[in-house]
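*Asks:* Got a structure for you, questions after.
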Amino acid sequence: MPRALELAALADYQTSPNPMVGAVLVNDGEVVGEGYHRRAGEPHAEVVALERAGEQARGAQLWVTLEPCCTTGRTGPCVQRILESGVATVHVATVDPNPAVNGRGIAALRAAGVGVIVGEYEVEASRLIEAYSVWVRTGIPFVTVKVAMSLDGKVATARGESQWITSEESRADGHRLRHIHDAILVGVGTVLRDDPTLTARHGFEAGRQPLRVVLDGQLRIPPQAKMLQDRSSPILVVTAAPADPVVRRSLENAGAEVREVGAPGGRPKLLSVLQHLGTKGVVSVLVEGGPTLLASVQAERLANRIISFVSPAVIGGQSALSPFGGEGSASLGDTWRLRWADAVFVGPDLRLTAEV
């Protein structure tokens, strides 16, 4: 199973909206086939392993990181291929959280006389598909909030200077986060202030690029913004209805999709935006917005994970910005409580991860 997990990770998140899955076939103590799901629409891990094993799959044991599917999508059901191959035993790390499967694949194998063992390395396998699990159960993407701040919790000086608080190593790690998420979400204030391209760089240029999403209730994003000049990945501008038709057309001519979400003249509701992204097959979202956007995240409790890159620098100043704006919690009893998941050094900085 550790080898199957290792294989699954080779997909490097390019299977979305499908989960990453690995499989290993063993017959008479010898590995006779292995594989992983590379991209959505391509053969699943079990099928790749079975094809490589050929007739040696008969009587073999199959280790797979996720319950084999029993439904027909862009590919056929893996359960049927397993039954046709003559595999004797299937070891499943974790049950598929997709309501369309969720134990049915295991039940079908057992009903056909195949031995099934469930739960080996379940924690590791579940971690590998955590974003997929949230999306298939709720229809809403898994949300990661990324923050870069000083030791005293500031994201900019009183004059608004923020580049760069953290180190080059932290920035490279931030680009890795962009690479592994399906979409990156910012508010228009970030675009106006920093004029970012919102792409994955620092060695990830050749990999997949995230969908770039900008919340812009009044369509203030200028058509000459850097991100609109960069065509490496799609851009979605979410605004409130009704959008100015002239400005909308200029943004669409620049290559952006403009979507109206929310009440007229207001700010797009974050939950509505995430629901829309979920319908588009966006499984994971990285939020890199400023204090205004993160205030909405906090108020609506819409993050699954918060990652803070903390620099050993003190900015100070009462008017210097903190990561989460807005009114904040009225009392300590109303604070948003998460749990620590990880703490590691990244260059001179400390990367802290907390999860809901």
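*Asks:* Residues to consider are P242, P268, P264; find the one that is at pLDDT below 90, within 30 Å of Q14 (Cβ to Cβ) and either open to solvent by 50 Å² or more (accessible area, probe 1.4 Å) or not in a strand (DSSP E or B) (or both).
*Replies:* Sole residue among the options that is at pLDDT below 90, within 30 Å of Q14 (Cβ to Cβ) and either open to solvent by 50 Å² or more (accessible area, probe 1.4 Å) or not in a strand (DSSP E or B) (or both): P268.
*Asks:* Here's another thing I want to ask about it. When you check V26 against the structure, is it surrounded by 21 or more Cβ atoms within 10 Å (Cβ to Cβ), modelled with pLDDT of 95 or more, over 23 Å from F142 (Cα atoms) and not charged (D, E, K, R), yes or no?
*Replies:* Spelling it out, it is not the case that V26 is surrounded by 21 or more Cβ atoms within 10 Å (Cβ to Cβ), modelled with pLDDT of 95 or more, over 23 Å from F142 (Cα atoms) and not charged (D, E, K, R).
*Asks:* Would you tally the residues in the stretch 29-85 being among the acidic types (D, E) and either over 31 Å from the mean Cα position of the chain (by Cα) or surrounded by fewer than 19 Cβ atoms within 10 Å (Cβ to Cβ) (or both)?
*Replies:* The total comes to 5.
*Asks:* Consider Y132 against the criteria (1) open to solvent by 30 Å² or more (accessible area, probe 1.4 Å); (2) touching a residue at least 24 places away in the same chain (Cβ under 8 Å); (3) not in a loop (DSSP other than H, G, I, E, B); (4) not small (G, A, S): it satisfies all of them except one. Which criterion is unmet?
*Replies:* Of the numbered conditions (1) open to solvent by 30 Å² or more (accessible area, probe 1.4 Å); (2) touching a residue at least 24 places away in the same chain (Cβ under 8 Å); (3) not in a loop (DSSP other than H, G, I, E, B); (4) not small (G, A, S), the odd one out for Y132 is (1).
*Asks:* Related question: For the stretch 305-330, give me each residue that is out of contact with any helix residue (DSSP H, G or I) (no Cβ under 6 Å at 6 or more places or on another chain), assigned to a loop (DSSP other than H, G, I, E, B) and within 30 Å of V134 (Cα to Cα).
*Replies:* Result: S322, E327, G328, S329, A330.
*Asks:* Could you list, in sequence order, all residues of the stretch 30-82 that are β-branched (V, I, T) and either in contact (Cβ under 8 Å) with a residue 60 or more places away in the chain or outside any loop (DSSP other than H, G, I, E, B) (or both)?
*Replies:* Passing the criteria: V31, V32, V47, V48, V64, T65, V79, I82.
The rows are residues; the columns are (1) surrounded by 15 or more Cβ atoms within 10 Å (Cβ to Cβ); (2) closer than 30 Å to A23 by Cβ.
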site	(1), (2)
E122	yes, yes
L128	yes, yes
R137	no, yes
F142	yes, yes
K146	yes, no
E169	yes, no
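The values are calculated or read from the model by the stated rules, or taken from the named source; none is laboratory data. None of the values given here were measured: they were computed from a predicted structure. A quick note on method: Cβ atoms are made from the backbone with ideal geometry, for glycine too, and the neighbour counts reach across all protein chains shown. For accessibility, only protein heavy atoms count, side chains too; no ligands or nucleic acids. Shrake-Rupley method; radii C 1.70, N 1.55, O 1.52, S 1.80 Å.
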